[in-house]
Amino acid sequence: MRKRASTTFTFLIFASSMIGFAFTTALFAQRRPNTSLQLATGSEIYDSACIACHGPGGTGTPKTIAGFEPPDTFPDFTRCDQTTAEPDTTWKAIIVHGGPNRGFSQIMPSFSEALTSEQIDKVIGYLRGFCTNSHWPRGELNLPRALVTEKAYPENEIVLSTSVNAQGAPGFETHIIHEQRFGMKNQIEVDMPVNFQNQNHNWNGGIGDITLGLKREIFSSLRSGSIFSMQGSIVAPTGNRSHGFGSGTTTFETFAAFDQLFKSNTFIQFQTGADLPVHANIASQTVFWNTAIGQSFAGDHGLGHLWSPMVEFLADHDLANGAKTNWDVLPQMQITISRRQHVRGNLGVRVPVNNTSGRSIQVMFYLLWDWGDGKLTEGW
């Protein structure tokens, strides 16, 4: 009898919560023309439409009061590490269309009939205030990843990036890249290349030189749309030099990355650095500078799938007498694949502009999984 009473009580709480939500939504829908007068601030909107589930402090209402089991993806808005990585458009898409729109729980309903676009923007601004540390870089500055140019934002990603020779000796190289963020501004990166080349009508394969890097964001500002980072890496000589899969010496790599986002969703990414081998008589010291220019487009008034055409201008120069600067151009297109937009693909063609002898045109592509946004099997 005690167990049945407890079950009945839980059911009554859940039913009351759903009835209350339905009544509130219907009330908002009936009064929508005048809601701007009654719900003028983000705080008022949150208290009227969000507090029942997300709690007065943004940490979530206890299950015993809310009447439902919170899903694993239920947010704690006070957790800066969970919230700052998401741009406002992600939050707005979920508020407008409901949780299933981005592959989240159906518990989060659509408020498209209850709130105006302006009211949704106001409540998002209020939600941002639950993270009280303003030094976390915002997700808007996490620009689309180019095929070669490194971005400045510290990220949680796994990337499989492949380049295939379109002319000359057949061959391809795949980089298996793991990036993991820790703290507000730091990221570690492990890059393992795998090579397969047809050399003199014989196929050879093997692992290339593995890179271990540490990136740190130095400055970021959502107001100016700017972010600046620096990275230092050690490239271990794990590849077979005789097959062209490695340099044969330990190399120190360092670079600086600066990204600029404009209000039109146009962006520019700069990267410049140097490869400094320990034994310069085995491998050349090299400086490089890369630039990616692109524009992002999204359907559904900026809330849908993202398309980001880009073009990269790539240059490297060996620090040796008589060496010439190699220039390449790399047009490409990145698209979001999953509804949650945490799985993305990019396809482009790298074309040498000068010094073309021994440098073939390459088809390049990658598959990216932002594992910080959920499992690979989620969000579809």
Mean accessible area per residue over region 164-242 (1.4 angstrom probe, all protein chains present, square angstrom) is 54 Å²
Karplus ³J(HN,Hα) for region 41-57 (6.51 cos²θ - 1.76 cosθ + 1.60, θ = phi - 60°; Hz, whole; x = Gly/Pro) runs 10, x, 5, 5, 5, 4, 5, 8, 10, 10, 5, 4, 9, 8, x, x, x
Helix-only [θ] at 222 nm, the chain, -39500 (n - 2.57) per DSSP H run of 4+, per residue, nearest 500, equals -6000 deg cm²/dmol
Length gained if Leu160 through Gln180 is fully extended, taking 0.36 nm per residue and subtracting the Cα-Cα distance, is 5.7 nm
Of the accessible area of the chain, computed with a 1.4 Å probe and all protein chains kept, carbon and sulfur make up a percent value of 61 percent
For Lys185, the lysines lying under 20 Å Cα to Cα, once residues fewer than eight places off in the same chain are dropped, come out as Lys151, Lys215
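Subtracting the Cα-Cα distance from 0.36 nm times the residue separation, let me have the gained length for Glu378 to Trp203 in nm, one decimal. Walk me through the numbers before you get to the answer.
Working: separation 175, 0.36 × 175 = 63.00 nm, distance 3.79 nm.
Computed gain between Glu378 and Trp203 is 59.2 nm.
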Measure of exposure for Cys80: accessible area at 1.4 Å probe, Å² rounded to 10, is 20 Å²
For Pro193, the net charge from surrounding residues (Cβ-Cβ under 11 Å; K, R +1; D, E -1) works out to -3
Residues whose modelled amide H sits under 5 Å from the amide H of Ile361, counting only those 5 or more places away in sequence or on another chain, are Ala166, Gln167
Simple spin-label estimate for Thr266/Trp307, 7 Å along Cα→Cβ, in nm, reads 1.9 nm
Once His279, His178 are ranked on solvent-accessible area with the largest value leading and a 1.4 Å probe, the list reads His279, His178
Order by accessible surface, 1.4 Å probe, largest leading, for residues Phe258, Phe130 comes to Phe258, Phe130
With Cα coordinates, the longest principal axis of the chain makes an angle with the long axis of helix 2-30, in degrees rounded to 10, of 80 degrees
Site Asn133, offset 7 angstrom along Cα→Cβ, radius 12 Å on amide nitrogen, limited to region 64-98, gives 79-84
Restricting to lysines and to Cα separations under 16 Å from Lys122, and discarding same-chain partners fewer than 8 apart, the set is Lys92
Contact order relative to length for the chain, counting C-alpha pairs under 8 Å separated by 6 or more residues, stands in percent at 12 percent
Reported to the nearest 10 Å², Thr356 has, with a 1.4 Å probe, an accessible area equal to 80 Å²
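The values are calculated or read from the model by the stated rules, or taken from the named source; none is laboratory data. Keep in mind that this is a model prediction, so the values were computed, not measured. Quick reminder, even Gly has a Cβ in these numbers, built from the backbone with ideal geometry, and neighbours come from all protein chains shown. For accessibility, only protein heavy atoms count, side chains too; no ligands or nucleic acids. Shrake-Rupley method; radii C 1.70, N 1.55, O 1.52, S 1.80 Å.
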